[in-house]
Each structure stands twice: as C-alpha cells, then as structure tokens.
Amino acid sequence: MRPPLLGVSIVWLSVMVLLPLAALVASSTDRGLGGFWNAISSPEAVAAFKFTVLVAIAVAAVNAVSGTLIAWVLVRDEFRGKSLVNALIDLPFALPTIVAGLTLLALYGPRGPAPFDVAFTKWAVLFALVFVTLPFVVRSVQPVLMELDREVEEAAASLGAGPFTTFRRVILPSLAPAIASGAGLALGRALGEFGSVVLISGNLPFKTEVSSVFIYNRIQSGDQSGAAAVSVVLLAASLVLLSGLTFLGRRWSR
Amino acid sequence: MKSRLALRTVALGYLTVLLVLPVGMVFYRAFEHGLGKFFDALTTPQAQHAIGLTLLVVAITVPVNTVFGIVTALALERRSFHGRAVLERVIDMPFVISPIVVGLALVLVYGEQGWAANALVASGIRVIFSVPGIVLATMFVSLPFVVREVAPVLREIGSEQEEAAQTLGASGWQTFWRVTLPAIRPAVAYGVVLTTARALGEFGAVAVVSGHLQGQTETMTLYVQDRFEGFDVTSAYAISVLLAVFAMSALLGMTYLDRRRARRS
C-alpha cells in the first residue's frame, strides 16, 4: 500500500490555510454586500489602501534600482569583506519585523543621533518597507548576473559601445525578468507588512496609516466584519499581483 | 575603474545607512547603561516568561511544519494528480497574506464568535488569547519554508534510486529513511533554519491572536512593543538585541549550509 501522502497534505493545507481563509471571506459579508461595500469605501479605509498601494509601488521602484546595483557590486566587484556583505543582505529576512522598526526608530527617530527625524512621516513608512524588502531584488538578480555571458558585453564594448550603452542595451534586457520578479515580491510584501511599520509610522489616519494597520485597528475596536472586508480587498490585490508575476515569469522565460 | 569604485561606494553606503547603522544603534542603546542593566532587563520575570513562551512556540512549530512540509513536498513531487498548480498556489498563500489578515482569519475560526466556537467551548479548549492560537498563527506564517526548500531537490534527484530500493524489496519506510531522507537532508536543514527564524520573529499574526496578556500570552516580539510603548526602552532594546543575535545565528547557519551545498555539487 502506498502511503497517503496526497491525502495527508490536502487535509493539512485545508485545515491550516483554506479553513481560516474561507472564514475570512464568509465573515466579510456578514452584513450583506452593502455592509461589505460600506466597510471598504469608508474614507479612512480608502485613504489607507491608496497610501499602501502607492508606497508599495515606490518600494518596488527603489528596490529595482538599489537591488540591481547591490547585486552588480556583489557579483562583478572584488573587495575585502565581500562575503560578509553578501551574508548581511539576508539580515532583513531573518530579523523580526518589530526589531527592524525599532532599529530605524533608534537611529532616525526623535531621540536618535541622525540629523533628521523621520518618525511619524510617510518617509518613515517607505524607509521601513525598503528595509524589510531589501533582499528580494538582490537575491533574484544575483544568480542571473553570475550566469551572464561576459563575451557579449566585451563584444559590445569592442564595437564602440560605452559602458552605459552596454548596460542599457546588453545587460539590462537579460536582467529584466529577474528585476521584475524581485520587485514584484517586494511589492507584495510591502502591501501586507505590519510589524516594521507599526512603531515608526505613528499610524496617523489619512496620513501614515497603511491597510494592515487599519485592519488591526478595526479588529481592536471589535469590527471583525469590516476588518475582514478590507482584508479580502488587500488579499485580492496580492493574489492578482502574484498571478501577474507568475504569468510574466513564464512569458519571459520562454 | 573609477566607475566601479563609485558603484561600490554607493552600494556600501546604501547598506550602511539602511542596515548597518540602525542595527548597530540598537546594540549601542541596549548596552549604553552597562552589561549589568542589559542582563537585568533580560531576567525580569516578564522577560523570562516572554523568552520561554517564544521558545515553546518554536519547539512546537518547527517539528510539526518540518514533518508536514516533507510530506507535502513528497506528495507534490512523487504523486501525479490533477490540480497540482492549485496545491502549489495554496502552499504559497502564507507568503502573500498580510500577517494581520492571518491573525484575523484565525480569530474568525477559533474566536468567541468563530466557526469552531461551540465545539471549543464544549471541550473547554481556549485557542484565541491563549498559547494554541499563537502556535497556529506561527505555523501558518512559516508553513511554506520546508516545502519550498525540499520540493525542488526531490524533483532534481528524481525517483530512480527510490524505485531501485523498492525493487530490491525495501519497504516504503526503509526507502524513505535510507534513500530519500539522506538526499534531501541539506534542504530540510535549510528549511528548518528559515522556519525557526520566522517562528522566533513573527509579530503581526501573533499580535492579533494573543491578546497581549502580560506574563501569559506575550512572546518576545510582543514584549518588545509593549516595553517600547511603556517607555521602558532599555528592556525593549535588550530583548531586540537577543532577537537580533538569534537572527544572526540563523544567517550563520544558512551561510554554513550554503557552503556545504556548494562543495557537494
């Protein structure tokens, strides 16, 4: 008899993942479709969602540039301590998010030694999200850059292309899928992030409040159904994004 | 040559400002009043309880997620069935969902007005605002790690050796212990490290289900927030440093496993 691997997995995933999500979707319409709509269209919910999407796109853009740059330096440059820097890149994934928020607050907050204070501003949210998403683009671009054939670059250079043209016309097209998938993962993470943002943003409604914090506040004030409705919207946004990424990845890899 | 140096400077400067200085600052703040104060902050009954609870949650989450992760990876790679893509999508769900939404979803099943409320009350089990809820939330958010590490390795090694073992008369268990497990062990180890790091540090999902009961349902990360908001920043920084040390140990473990993996291939 073959062990029932598939049966066990399906039961496990159903109980652990699908059951809670089903409860979430069901609860979001506890007060009917009208209640659902009221919950997601309240001015505060809309403001939080808009800010969340906007800042997540900004985070993806910052990472696309900085992540590619860091990956480039890690692959093509040689300097002492490079392996230490390489190990450091994963720190934001290993560090608890609340600690990540606290570290930024310690340096760039009101009592920090930095010459500016970003606490309770929109910049603080961007800062915290860029911190926790740092590894995504670096780690997706790095292996592609390692495999890249340098002869093509040398050919381009010998045909008279400057370094900038070579980068734009030869290197960037081969890195684009990796940059896009890394930036997409960063965007998805930024849409739902909570721990790193909660201390440093001040959670000011209409200003620095992101959707996850808004949902948390609805739960704390006993409005589970409203919280579930906004959660469903946030979840749908993430899923659309994930499907889009899978689709783009498949198209590019062809 | 000049441009290479400029790129290096920009990249390292960016990492310094974003990562190294802030983390260094937390270490400085934790130790600025001396080692004694640091250890005092770690040894208060509340801090001790938070550390103990976090370790308990890790001790339950990691083995359970490892066993089911291996089973799920085996199902994905060693069984043919329709709806494989759906199953993979479900496995990746915890990576896409906001931790806050995870916590809320669990409250809606196991909370006072949740789907399982009657059954739980009847059997006298408390899940939400209690340790089982914290364990469930942690298991949810760290569920994909072992599967995602082990499945690609299973695909790469193929099933010829397992089939050979079975033809020679080995039972399913023997094949697993003697053939499959040795081949996937590095991937399992990597998955365990990632699961442990995530389980130690989970905050959002746990914040929703725990109820923040001091000395009862407060994990280390919740304790950090609680102390920070209670203006006891020294304790907040001290526990943060402890968590950061755990995180760095996980990084060291990953680097070590990477090197071993590279040497083998």
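Before moving on, here are some points about what is shown:
- Measuring r between the beta carbons of A:Val11 and B:Phe31 and using R0 = 56 Å, the FRET efficiency lands at 0.70.
- Coarse-grained scattering of the protein assembly as shown at q = 0.07, 0.13 Å⁻¹, given as base-10 log I(q)/I(0) from a Debye sum over alpha-carbon atoms: -0.41, -1.40
- Here the calculated FRET efficiency for A:Val46 and A:Ser243, from their Cβ-Cβ distance with R0 = 35 Å, stands at 0.90, rounded to the nearest 0.05.
- Nearest-10 value in Å² for the accessible area of B:Met248, using the 1.4 Å probe: 70
- Accessible heavy-atom area order of B:Arg198, B:Arg89, A:Arg251, highest first, probe of 1.4 Å: A:Arg251, B:Arg89, B:Arg198
- Solvent-accessible area lost on pairing A with B (1.4 Å probe, both sides summed) amounts to about 6800 Å².
- Candidate cross-link partners of B:Lys2 among the lysines, defined by an alpha-carbon separation under 22 Å and a same-chain spacing of 8 or more, comprise A:Lys82.
- Compactness of the range B:186-265 as Cα Rg over 2.2 N^0.38 Å, two decimals: 1.37
- Unit charges on C-beta of K, R, D, E only; dipole of the protein assembly as shown, Debye: 1020
- Computed label-point distance, nm, for sites B:Ala116 and B:Arg4 using a 7 Å Cα→Cβ extension: 5.8
- Only one residue of A:Thr166, A:Phe49, A:Leu18 has its Cα farthest out toward the positive end of the dipole of chain A, where Lys and Arg carry +1 and Asp and Glu -1 on Cβ, and that residue is A:Leu18.
- Largest mean-square fluctuation among B:Val58, B:Val17, B:Val71, in a Gaussian network model of chain B whose springs join Cα atoms under 10 Å apart, belongs to B:Val17.
- For B:Thr196, the accessible surface of its heavy atoms amounts to roughly 40 Å² (probe 1.4 Å, protein chains only, rounded to the nearest 10).
- Using a probe of 1.4 Å on the protein chains alone, the accessible area found for B:Phe31 is around 80 Å².
- Sum of side-chain charges, B:Met139 neighbourhood, beta-carbon under 13 Å (Lys, Arg +1; Asp, Glu -1): 0
- Average 1/r across all pairs of distinct alpha carbons in chain A, invert it, and you get the Kirkwood radius: 20.7 Å.
- Its alpha carbons give the range A:1-144 an Rg and a Dmax of 21.5, 69 Å.
- When you restrict to C-alpha pairs under 8 Å that are six or more residues apart and normalise by the size of the range B:35-264, the relative contact order lands at 32 percent.
- Each of B:Arg260, B:Arg8 has its accessible area taken with a 1.4 Å probe; listed largest first, they run B:Arg260, B:Arg8.
- Where the Cα pairs of chain B fall when distances are cut into 5 Å bins, in %: 1, 6, 10, 12, 14, 14, 13, 11, 9, 6, 3, 2, 1, 0, 0
- Percent accessible area from carbon and sulfur atoms, the protein assembly as shown, protein chains only, probe 1.4 Å: 65
The values are calculated or read from the model by the stated rules, or taken from the named source; none is laboratory data. Every value quoted in this text rests on a predicted model; they were computed, and no experiment measured them. Virtual Cβ from ideal backbone geometry, glycine too; neighbours counted across all protein chains shown. Keep in mind that these areas ignore ligands, DNA and RNA; they rest on the heavy atoms of the full protein, side chains included. Shrake-Rupley method; radii C 1.70, N 1.55, O 1.52, S 1.80 Å.
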